[in-house]
Amino acid sequence: MQKVRKAVIPVAGFGTRFLPASKATPKEMMPIVDKPIIQYIVEEAVDSGIETIIFVTGRHKRAIEDHFDYAPDLEETLERSGKKELVELIRRISNMAEFIYVRQKEQLGLGHAILTAEHAVGNEPFAVLLGDELIINEKNPGLKQLIDVYYKFGKSVVGTTEVPKEDTSKYGIVDGKLIEDGLRLVNYMVEKPSPEEAPSTSAIIGRYVLTPDIFDALKKTPFGKGGELQLTDALMILREKEVIYSKDIEGIRHDTGNKLGYIKAIVDFALEREDTKEFMKNLILEKAKKLNEK
Ligand code: G1P
């Protein structure tokens, strides 16, 4: 079986939910405490065994390229002031993987972004990670859980989780036959159905392992929901040819693609980190006390 070596990360979107912050800065570069969201995503991929990251990028996304590149002037300044640890910290970011950048000239949907990466992926299985969701599982990274399923069956796998019925219209929804704990053989998938139309509450959460046959499927896929080329629709076309699995991902999920989820992620991370947890805990207690007094 071929190794899953490459991961595609689409980052061309405008990030309209984060304006004005995302006017000149990619939303993927917004920090959770002091690390940009995109670095957490790349680290999950690398911890899952990925060696090459293919960013599908667009105009105004230079900051992402710079983040994963060497920064000789910054390193030199830090070196001169004896800040060796910081030099190592920023060097490690660029040495984590090989980085490839492919430009998506028009934004025609997630399926179109994946198709844009075809020549960089070639004829091998690959992963897709979407930057709106952070999945934290230190023992067994989210993507790794899908790659393990791929190594068992050699077929495409989508990462899922259960969501409340009223939220189905935010996700691709999967209907499948349960074959093991959390593992399903997919019957049907639909992009962002209303709660009445949704066949289940099993939602796709932005992690995929795909066979290269997805590219042919994408080429045959008509534009779907929102006038966009949908990866979910292409997966339904791929399913006519080969089986697809869905796997409930275990871990703590943070939806950083919207303001409230983003704020919550910062609070949660600050409560976990050694250097910030005492401060954050005291701050919350103090604020709660004040709110109760009102
Ligand atoms: C995309 C996918 C959708 C998936 C979601 C997860 O939608 O099309 O199937 O459930 O990511 O975040 P988007 O949120 O980019 O509109």
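The values are calculated or read from the model by the stated rules, or taken from the named source; none is laboratory data. Given the structure is predicted, the values throughout are model-derived calculations rather than measurements. Neighbour counts are summed over all protein chains in view; Cβ atoms, including those assigned to glycine, are modelled from backbone coordinates with ideal geometry. Side chains included, ligands, DNA and RNA excluded: accessible areas come from the protein's heavy atoms. Shrake-Rupley method; radii C 1.70, N 1.55, O 1.52, S 1.80 Å.
Would you check if there is a residue in segment 262-275 being in contact with a Phe, Trp or Tyr (Cβ under 9 Å, 6 or more places away or on another chain), outside any helix (DSSP H, G or I) and of a type in the set (D, E, K, R)?
No; the residues of segment 262-275 include none that is in contact with a Phe, Trp or Tyr (Cβ under 9 Å, 6 or more places away or on another chain), outside any helix (DSSP H, G or I) and of a type in the set (D, E, K, R).
Please work out if residue 22 is open to solvent by less than 40 Å² (accessible area, probe 1.4 Å) and either more than 15 Å from the chain's Cα centre (by Cα) or over 25 Å from residue 257 (Cα atoms) (or both).
On the way: open to solvent by less than 40 Å² (accessible area, probe 1.4 Å): yes; either more than 15 Å from the chain's Cα centre (by Cα) or over 25 Å from residue 257 (Cα atoms) (or both): yes.
In short, yes.
Would you say residue 221 is under 20 Å from residue 55 (Cα atoms), away from the ligand (no atom under 11 Å from the Cβ) and either open to solvent by 40 Å² or more (accessible area, probe 1.4 Å) or in contact (Cβ under 8 Å) with a residue 24 or more places away in the chain (or both)?
On the way: under 20 Å from residue 55 (Cα atoms): no; away from the ligand (no atom under 11 Å from the Cβ): yes; either open to solvent by 40 Å² or more (accessible area, probe 1.4 Å) or in contact (Cβ under 8 Å) with a residue 24 or more places away in the chain (or both): yes.
Considered against the rule, which asks whether it is under 20 Å from residue 55 (Cα atoms), away from the ligand (no atom under 11 Å from the Cβ) and either open to solvent by 40 Å² or more (accessible area, probe 1.4 Å) or in contact (Cβ under 8 Å) with a residue 24 or more places away in the chain (or both), residue 221 comes out as no.
Scan segment 188-207 for residues that are part of a strand (DSSP E or B), more than 10 Å from the ligand (Cβ to nearest atom) and either crowded, with 18+ Cβ neighbours inside 10 Å or among the β-branched types (Val, Ile, Thr) (or both) and jot them down. Quick ask: steps written out before the conclusion?
First pass over segment 188-207, keeping only residues part of a strand (DSSP E or B): 188-191, 202-207.
When the remaining residues are screened for being more than 10 Å from the ligand (Cβ to nearest atom), the result is 188, 202.
202, the sole residue that qualifies.
Cβ-Cβ distance below 9 Å, separation of 6 or more or different chains: which pairs start in segment 167-193 with a residue that is more than 26 Å from residue 258 (Cα to Cα) and among the small types (Gly, Ala, Ser) and end on one that is in a loop (DSSP other than H, G, I, E, B) and more than 9 Å from the ligand (Cβ to nearest atom)?
176/200; 182/249; 182/250
Those residues that are open to solvent by 50 Å² or more (accessible area, probe 1.4 Å) and either without any contact (Cβ under 8 Å) to a residue 60 or more places away in the chain or away from the ligand (no atom under 14 Å from the Cβ) (or both), I need them from segment 228-248; list them, please. Walk me through it before giving the result.
Keep residues of segment 228-248 that are open to solvent by 50 Å² or more (accessible area, probe 1.4 Å), which gives 228, 239-241, 243.
Those that are open to solvent by 50 Å² or more (accessible area, probe 1.4 Å) and either without any contact (Cβ under 8 Å) to a residue 60 or more places away in the chain or away from the ligand (no atom under 14 Å from the Cβ) (or both): 239, 240, 241, 243.
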